[in-house]
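Reading through the structure tokens given below for one structure.
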Amino acid sequence: MVAVFILVWVLMKKLTSPLVAMTAHVKSLPEKTGDERLIAISAEDEIGTLAVAFNEMTATLDRKRAALQAAVTRAENERARTEAIIAAIGEGISIQDREFKVLYQNRIHKERIGSHEGKFCYEAYSHRDAVCPECAVALAFSDGRVHTIEKTNLIGGKPMYLEITASPLRDASGEIVAGIELVRDVTEHKENEGEIYRLNAALQRRAAELTAMNRELEAFSYSLSHDLKTPLTSIYAAAQTLADDCADGLDETGRFMVTTICKSIERMEELLNAMLLLSRVSRAELRREKIDLTSLAHEVLLWLSVKHPERKVEWVIESDISAEGDPGLLTSVLENLLGNAWKYTRNQAAARIEFGTAAHNGARAFFVRDNGAGFDGDRATELFRPFRRLHSPEEFEGMGIGLATVQRIIVRHGGRVWAEGEAGNGATFYFTLPIALHHDAAPIE
């Protein structure tokens, strides 16, 4: 009997010893790494089989734990990268769950609104007991679309204008799980808008005042030049009568004075006619239609040739030049520019006048060029002032009104005019029109 007891004890010890060792090994697993976590297999019996299964399970768990740790690391890196991107946006961003509880705020959002993570947005932001009726996030939750609203907060007694854009956040199944809110401080923009509005209003008032002043000035100019004609005509007639009826009673000085009066009145009438012309150019109704400028230039130069048959002038006129504008006013432009070219080339043995087009800042400009007397290029802008002339009357006749007329006409059409020249080496006058057509021509490069 004792022998049986001893045998049972020995067998039990042999059976339990590996299990006790295995139990101790399992308890120490958190402190072990690598191969230390595996159980040494000392037999091929059931205990050994159990040890093999345990080792396989441990290896599987280690792999899964390593994969989980890698996933956690990637998630943490992705979260850090996302937070860095959100911070770099430069606008306030918050995320709210479906219950409108604030889950996240970036630094800028906290600076503008305050730190309220974990609180209900309507309580934290608007001090309400329920969702705000104009809440952009609530609108995004209701229809799944992006919504933008504007809101004004008082910060230190000063208004802060905020533009709030809310978008729904969805999970993998497409269910809306939260809302993201982007808050932009548009205070400076609103203040700039207000300043622009005030400046535009002031500009419109000033423009209206200038328009009224110009109309009054034009009306005065017209009235003055028109009303002065009658007394000037009377003075001229009286001077002529004096010269004709009292010629025998006038000495040389008297005849000189009468002649001076008549010439001065003629000059005054020319000035008044020029003022009337400028007034008509500014007041005339503008009609726009297609005009063949090539044919018009030929007509003007042909008329000048008939008027001055003694002149031999070479013409060079570009073909197929068309434009849109007022026929009468653009005729006046070409008459003035080509007439000036004709006048200022009269001392040239081989006079040459050109009319054509040229590229200017990507657009087409028209030009009249001559090889005549030219002018001082530094004084080019003075040419377009009324009654301003760069040549003396003894050199070339004129009132100094033609180019001023050209400028007013071109400006009324929405274009611009300028001149280039050199004393003794000719001049070129350019002008542009907003709508210039040039048939059968390649685009300007």
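Every read-out reported here was derived from the displayed coordinates using simple, explicitly stated rules and does not represent laboratory data. As the structure is a prediction and not an experimental result, all values here were calculated from the model. Counting neighbours? That spans all protein chains shown, and the Cβs are built from the backbone with ideal geometry, glycine included.
At-a-glance table
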read-out: Members of the range 346-382 found to be of a type in the set (S, T, N, Q) and touching a residue at least 40 places away in the same chain (Cβ under 8 Å), listed by number; value: 357, 371
read-out: Lone qualifier among 317, 353 - being β-branched (Val, Ile, Thr) and closer than 19 Å to residue 417 by Cα; value: 353
read-out: In the range 168-208, the residues that are within 22 Å of residue 100 (Cβ to Cβ), surrounded by fewer than 17 Cβ atoms within 10 Å (Cβ to Cβ) and small (Gly, Ala, Ser); value: 173, 174
read-out: Cβ-Cβ under 8 Å pairs, at least 6 apart or on other chains, the range 297-314 side under 14 Å from residue 346 (Cβ atoms), far side of a type in the set (Lys, Arg) and surrounded by fewer than 14 Cβ atoms within 10 Å (Cβ to Cβ); value: 304/311; 305/311
read-out: Residues of the range 313-342 satisfying the condition of being more than 24 Å from residue 401 (Cβ to Cβ) and out of contact with any helix residue (DSSP H, G or I) (no Cβ under 9 Å at 6 or more places or on another chain); value: 314, 316, 324
read-out: Test: residue in the range 147-161 that is touching a residue at least 24 places away in the same chain (Cβ under 8 Å), closer than 24 Å to residue 79 by Cα and either basic (Lys, Arg) or in contact with a helix residue (DSSP H, G or I) (Cβ under 8 Å, 6 or more places away or on another chain) (or both); value: no
read-out: The listed residue being acidic (Asp, Glu) and either out of contact with any strand residue (DSSP E or B) (no Cβ under 9 Å at 6 or more places or on another chain) or within 12 Å of residue 181 (Cα to Cα) (or both), out of 117, 111, 78, 99; value: 78
read-out: Per-region count, the range 117-164, residues surrounded by 12 or more Cβ atoms within 10 Å (Cβ to Cβ), within 37 Å of the chain's Cα centre (by Cα) and of a type in the set (A, V, I, L, M, F, W, C); value: 12
read-out: Residues of the range 63-98 classified as touching an Asp or Glu at 6+ places or on another chain (Cβ under 9 Å) and of a type in the set (A, V, I, L, M), total; value: 2
